[in-house]
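Asker: This is the structure I want to talk about, given as structure tokens.
Values in this text are rule-based calculations from the coordinates and carry no lab data. Since the structure is predicted, the reported quantities are computational estimates derived from the model, not experimental observations. Note: ideal-geometry Cβ built from the backbone for every residue, glycine included; neighbour counts use all protein chains shown.
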Amino acid sequence: MAVNITHKVFAQEESATSLKPSQNQPSAVLTVKKLALNLAGKEVLQQVDFSLSPTGVTTVIGPSGAGKSSLLRCLNGLENRWSGAVKIDGRDIRQWPGGWDQLRRHMGLIAQKPVVFNTSIRTNICFGLLGWRQRRRADELVKTSLQQAALWDEVRDRLDTPATTLSVGQQQRLCIARAIAIKPKILLLDEPTASLDPRSKQLIEQSMLQLAQEIPLICVTHDLEQAQRLKGQVIFMCDGQVIEQAASHQFFNQPQQIETREFLRWNVCDCD
């Protein structure tokens, strides 16, 4: 039985809210309004609304099939059959200068499975650099990007070795470094630590928290403890809908929707 859900957006300490901006509350850098996606007759996303502040982490949680990864693909332009409105700093992403390719430079996406090129670590980092000014600063960008991805100390003496020789955890951090190198304004991460060992997971989380001091991040995760560690804002999705959205502390300690409470208790959702 379908549940008629009234979406609630709560005041948040560390992230975007539905309140009007003030001196103490920065305006949203990204706004999503009534985002909907229908694929082969199935409503994958239904009237999704949320916004992001200029910094901080937003974790997206929910059961498998809730539409979390599809949401990221819509934001990044990998899926463009959606309806609704997605704006960055007030600009509709469908009219982004230079099209979807330029949008993806502005809003990077890190997939669950790391994809590295069969070239050196250095060349992987420099892959997306454009223009002679950036290429002249390549060494500096390589070092800075690897430091931000918590990988520099492990590879500083072997930058010219093949990236494919790195462990899976190191490859995932290399993907983050490659995305950082082109200076995205928003970073999307789709279960970036799902198959990693605890140490690699910890390093990536530290890197995310560091990056979130400068830009907003959206991280899809099935790890509820990770969502708590990353703090920021939490969005709970089920059946293509946003069930609840709140600051992390409030979300995990005082969930407002019965569906949220059931999911946090049993890690299941009965929204159908």
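Asker: Is the range 88-242 best put as rounded, prolate or oblate by its Cα gyration tensor, with a ≥ b ≥ c the root eigenvalues, rounded for a/c under 1.5, and otherwise prolate when a/b is larger than b/c, oblate when not? Can you show the working numbers first?
Answerer: Values: a/c = 1.92, a/b = 1.16, b/c = 1.65.
Oblate, because a/c is 1.5 or more while a/b does not exceed b/c.
Asker: Relative contact order for the chain: what is it in percent, counting Cα pairs under 8 Å that are at least 6 residues apart?
Answerer: Numbers: 522 pairs, mean separation 76.7, N = 272.
That works out to 28 percent.
Asker: Still on this model: For the chain, what is the percent of antiparallel DSSP beta bridges, rounded to the nearest 5?
Answerer: Working: 22 of 40 bridges.
Within the chain, antiparallel bridges account for around 55 percent of the total.
Asker: Let me ask something additional. Taking H placed 1.01 Å from N in the peptide plane, check which residues at least 5 places from ILE243 or on another chain put their amide H under 5 Å from its amide H.
Answerer: Excluding prolines and chain starts, which carry no amide H, the hits are PHE236, MET237, CYS238.
Asker: Same structure again: Size of the dipole of the chain about the Cα centre, Lys and Arg at +1 and Asp and Glu at -1 on the beta carbon, nothing else charged, in debye to 20? Display every interim value, and only then the final one.
Answerer: Details: 32 positive and 27 negative charges, 211 e Å.
Computed charge dipole of the chain: roughly 1020 debye.
Asker: While we're looking at this one, here's another question. Could you tell me whether the range 65-115 comes out rounded, prolate or oblate from its Cα gyration tensor? Rule is a ≥ b ≥ c as square roots of the eigenvalues, rounded for a/c under 1.5, then prolate if a/b exceeds b/c, otherwise oblate. Let's see the in-between values first.
Answerer: On the way: a/c = 2.20, a/b = 1.31, b/c = 1.69.
Note, shape of the range 65-115 comes out oblate.
Asker: Highest mean first, how do 238-251, 141-154 rank when packing is the count of other Cβ atoms within 10 Å averaged over residues? Let's see the in-between values first.
Answerer: Numbers: 238-251: 22.9, 141-154: 19.4.
In descending order of packing, they fall as 238-251, 141-154.
Asker: Just name one of ASN253, THR58, PHE127: the one whose Cα is farthest towards the positive end of the charge dipole of the chain (beta-carbon charges, Lys/Arg +1, Asp/Glu -1).
Answerer: PHE127
Asker: So in the range 145-272, what percent of DSSP beta bridges are antiparallel if you round to the nearest 5? Walk me through the numbers before you get to the answer.
Answerer: Numbers: 6 of 10 bridges.
So the antiparallel bridges amount to about 60 percent of the total.
Asker: Can you find, among GLY240, VAL44, ILE93, the residue sitting farthest towards the positive end of the charge dipole of the chain, where Lys and Arg contribute +1 and Asp and Glu -1 at Cβ?
Answerer: Selected residue: ILE93.
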